[in-house]
Amino acid sequence: MGVCLQVLGLVLGVVSWCLQSSSTTSHTWKVRSQAETVTTSSWQFEGLWMSCAATALGSVQCSKFKTVLGLDSHLQACRALMILSLILGLASIIVSILGLKCTKIGRMAEQVKEQVALSGGVLFILSGVFTLTAVSWYAARIINEFYDPFHAGLKFEMGTGLYLGWASSGLAILGGSLLCCSCRRSAYTPPPRQFSYHSNSSGGQSIYKAAPASESTSTKAYV
């Protein structure tokens, strides 16, 4: 059961990382609202890295943001959060593979593998939280500007990139939770006591003594 949870959690984590990559590079974090326009022959959409404009003829023109320091603070923060989530996601995939019970790497003990798998699950959860924070913050900014009557600029609506980010964050948190749940420790069972036999060469009484704990066989806890 524990192996199945670990494999399922790892698969969900890999899928979430792929969706995070797609969301980070997506150009459709926000799309210009068509509610106030008469014609729908042109569209404008923006992502974290560039702004694009498309026409009904199929031509698309994109331009990267020319400055970094001149961008809005929330856009810079969302960039940083998405990059951190990708780095944590990649690290969690590597760590989780090393901690799987079905993988054999050297003579790593079972308790050590459980701790490694638990670390991978925690990294997956952190990656999902970072992505969730970034997309939710960006979406809240879009909604506030859309309903703000004093906003003089263009009004946008939420794009596909945000929905990809929400989906990836949910999968990352779920996969990390499964990895953490698979590492529950079983109840500790004390090692059986062993007795050593000592006989007296002079013909005296035989004595049975308990063997020290270091001589007893080690027990392993399995989940």
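On the Cα set of segment 1-76, report Rg and Dmax in Å, please.
Just the Cα atoms of segment 1-76 yield Rg and Dmax of 18.5, 59 Å.
In segment 102-155, carbon and sulfur make up what percent of the accessible area (probe 1.4 Å)?
The nonpolar share, carbon plus sulfur, comes to 65 percent.
Using the heavy atoms of the protein chains and a 1.4 angstrom probe, tell me the accessible area per residue for segment 138-183 in square angstrom.
50 Å²
May I ask you to compute the full-extension gain from A53 to E145, defined as 0.36 nm times their residue separation minus their alpha-carbon distance, rounded to one decimal in nm?
Residue separation times 0.36 nm, minus the Cα-Cα distance, leaves 31.1 nm.
Would you kindly find the accessible area of D72, with a 1.4 Å probe and non-protein molecules such as ligands, DNA and RNA excluded, rounding to the nearest 10 Å²?
80 Å²
I'd like the chymotrypsin sites (Phe, Trp or Tyr not before Pro) in segment 116-163 restricted to DSSP loop residues with at most 16 other Cβ atoms within 10 Å, sorted by number.
Here the chymotrypsin sites (Phe, Trp or Tyr not before Pro) that fit, given the DSSP loop and packing criteria, are F150.
Just grab the label-to-label distance for L84 and C181, each label 7 Å out from Cα along the Cβ direction, in nm (one decimal).
That separation, rounded to one decimal, is 2.8 nm.
Post the alpha-carbon centroid distance, segment 1-60 to segment 85-145, in whole angstrom.
22 Å
Name the residues whose placed amide hydrogens come within less than 5 Å of the amide hydrogen of S33, ignoring near sequence neighbours (fewer than 5 apart) on the same chain.
Sorted by chain and number, the residues that satisfy this are K155, F156, E157.
Of the trypsin sites (Lys or Arg not before Pro) in segment 76-117, which ones lie in a loop per DSSP and count no more than 13 other C-beta atoms within 10 Å?
Sparse-neighbourhood loop trypsin sites (Lys or Arg not before Pro): K104, R107.
Determine how large the accessible area of L164 is when every protein chain is in place; take a 1.4 Å probe and give Å² rounded to the nearest 10.
It works out to around 50 Å².
The values are calculated or read from the model by the stated rules, or taken from the named source; none is laboratory data. Predicted, not measured: the structure shown is a model, and the values here were computed from it. So basically every Cβ, Gly included, is an ideal-geometry build from the backbone, and we count neighbours across all protein chains shown. With ligands, DNA and RNA removed, areas are computed over all heavy atoms of the protein, side chains included. Shrake-Rupley method; radii C 1.70, N 1.55, O 1.52, S 1.80 Å.
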